[in-house]
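To start, the structure under review is shown below, and the notes come after it.
The values are calculated or read from the model by the stated rules, or taken from the named source; none is laboratory data. For clarity, every value in this text was computed on a predicted model and none was experimentally measured. Cβ: placed from backbone, ideal geometry, glycine included. Neighbour counts: every protein chain shown.
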Amino acid sequence: MDAIAAISTEDIRNSESHLKLAERVAESLERQIVKLGCPIGLALGNESELAAKFNVSRWVLREAIAITERDGLTEMRRGRAGGLVVATTADSALAAAICNYLLFTQVDVAALLEVRKIVDRYVYVLAAKQFDDRLLPEAVATLTRAGPQSPSEGAILIYDQILRLSNNAFVGAFGASLSKLTRCLLLLHGISGRRTGPDLPISLELLEIRKRQLGCVIAADLYGVVEASAAAADAWREMFSQAGERSVERAEGSQIRRDGSTAEQIAEVLNPGKRPKLPNIVATRLGLHLLDKQLRPGDLIALEADLMAMLGVGRHVLREGIRILERDGIVQSEVGRRGGIKVGSPNAASVAARAVNYLRIMGVDARDVEGLGEDMLVHAAELAATKRRANRGLDLATLEREVAGLEITPVEKLNGWLFHLGAVLAALTRNPILELFFDIVLRFGVRRSGWRPIDRDAVAVSARKLVVALDCGDVPIARRAMAKLTREIAP
């Protein structure tokens with residue numbers, strides 16, 4: 001018998017330590033790959049070698065490998081010369097990790113599109129400002145390649161090119177993750193049987209908008225790219241509206257979200273060109289089941305035997321799929337009489353930590369992260385004020401304590417304080433995209449702001465204005481106060 005015999009079935013069922021061990025092995029594998037620079041095709045070893053290296057059973061190792069395969073980072077190749085290899089670049093793995101997490105955190109479509117509009121606008125302006133004639137052949141070639149594609153595929157091709165032209169690895173990866181998330185949500189809103197997304201009349205309009213955006217980037221037309229950004233956001237809203245109508249017309253309450261075909265399409269969006277692994281499909285199907293049932297943290301999903309029957313898989317594959325979701329807190333396993341697979345509380349910490357690892361080997365520095373962060377700060381304030389105005393509850397006690405702490409915050413740490421304020425606002429809005437974004441920014445680290453004079457009194461006045469505006473639900477004033485606060489502190 002191989003090393004898996006070292007752990008009995010009962011031990012596996014009743015010992016959470018083995019599951020946690022698999023997660024630690026996965027994290028260790030990721031750190032090692034990141035340190036090596038994610039060279040695609042690099043051989044990491046076969047199962048026996050890796051199990052010996054980490055001093056774990058093959059069962060634990062396979063659980064760990066399933067986790068690293070989820071983001072497309074690794075791939076297990078079979079055969080005599082097989083083994084675990086690095087399968088993708090850091091930016092691709094980062095985008096998949098972010099999208100995987102956000103997909104199962106009840107992201108509101110309207111909130112996603114608002115955040116995406118801000119990210120896209122920043123991307124387009126950045127690309128337009130940095131474009132030079134040496135990049136022209138590549139841009140023209142992209143427009144040519146987009147011609148024979150379907151409208152959806154052509155639009156994606158052009159958008160990915162604009163992300164590259166922005167020349168900002170952080171912004172590019174975050175933009176790519178929101179693009180993938182948008183396409184996944186379209187699949188869940190009734191678009192089935194497509195490889196990359198919907199085939200709706202609005203898709204052709206979106207393609208034309210993307211062409212116009214790239215043309216504005218080439219011409220350094222900043223006004224044009226901002227205008228086109230708003231047009232693209234409107235096109236996405238229309239696309240979701242049409243997708244929803246088609247979904248209701250086809251079969252209300254259908255099981256499409258749990259279909260293996262839908263899960264496979266999502267896997268293709270996350271890691272294009274790769275055959276999806278069965279545990280990944282199982283994880284996706286289980287996550288979509290939670291969205292269908294609108295279960296709350298702590299609710300019992302089902303017993304293991306029931307899930308095996310529902311998904312049509314064996315115990316080993318099911319557990320690999322569950323571990324993938326457990327890592328980000330989407331589900332949790334409990335043992336005992338009242339145990340089973342339950343809904344977890346999604347935690348951005350593990351995703352943010354992986355994101356920072358990827359970003360560092362991509363050469364990202366604080367300046368790359370903070371530029372978009374300043375725009376997101378203003379949006380977080382606007383969103384919080386909107387929520388307050390709609391009487392949806394907004395406890396400002398945490399925010400008030402944060403502002404009160406401004407008086408004792410050293411000048412050189414004010415920039416960090418500013419982004420921590422953004423994290424507080426994101427938590428108040430309960431927008432998982434903003435929460436994850438600011439978690440990444442804070443973990444990545446921010447530059448010191450003490451190298452230039454800062455008017456602490458002016459900062460305090462703006463901070464107090466922000467609190468008052470939020471308390472009143474005054475969106476324009478909240479937006480203005482945060483914009484002023486950002487200008488006063490950010491380098």
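A few comments on the model shown:
- Of all residues in region 319-344, those satisfying the criterion of being in a loop (DSSP other than H, G, I, E, B) and at pLDDT 85 or above are ASP328, GLY329, ILE330, GLY344.
- GLY287 vs. criteria in the same structural domain as ALA64 (by TED's automatic domain parsing), outside any loop (DSSP other than H, G, I, E, B) and in contact with a Phe, Trp or Tyr (Cβ under 8 Å, 6 or more places away or on another chain): yes
- Residue in region 330-350 that is surrounded by 23 or more Cβ atoms within 10 Å (Cβ to Cβ) and closer than 16 Å to LEU73 by Cβ present: no
- Matching entry among ASP439, ASP395 (being out of contact with any Phe, Trp or Tyr (no Cβ under 8 Å at 6 or more places or on another chain), in a loop (DSSP other than H, G, I, E, B) and within 23 Å of ALA348 (Cα to Cα)): ASP395
- Scanning region 403-439 for residues that are surrounded by 16 or more Cβ atoms within 10 Å (Cβ to Cβ), among the small types (Gly, Ala, Ser) and either closer than 17 Å to LEU470 by Cα or not assigned by TED's automatic domain parsing to the domain that holds PRO476 (or both) turns up GLY422, ALA423, ALA426, ALA427.
- Residues being within 16 Å of ALA427 (Cβ to Cβ) and in contact (Cβ under 8 Å) with a residue 60 or more places away in the chain - total across region 388-416: 6
- Being assigned by TED's automatic domain parsing to the domain that holds LEU442 and surrounded by fewer than 21 Cβ atoms within 10 Å (Cβ to Cβ) is a property that holds for GLU400.
- Cβ-Cβ distances below 9 Å connect the following pairs, each with a first residue in region 141-153 that is within 16 Å of PRO201 (Cα to Cα), a second residue that is among the acidic types (Asp, Glu) and surrounded by fewer than 17 Cβ atoms within 10 Å (Cβ to Cβ), and a separation of six or more residues or different chains: SER150/ASP199; PRO151/ASP199; PRO151/GLU208; SER152/ASP199.
- Considering residues of region 71-83 that are more than 19 Å from the chain's Cα centre (by Cα) and under 19 Å from GLY321 (Cβ atoms) only, the residue surrounded by the fewest Cβ atoms within 10 Å (Cβ to Cβ): MET76
- Any hit, region 253-266, residues being closer than 24 Å to ALA128 by Cβ, of a type in the set (A, V, I, L, M, F, W, C), under 23 Å from the mean Cα position of the chain (by Cα) and modelled with pLDDT of 85 or more: no
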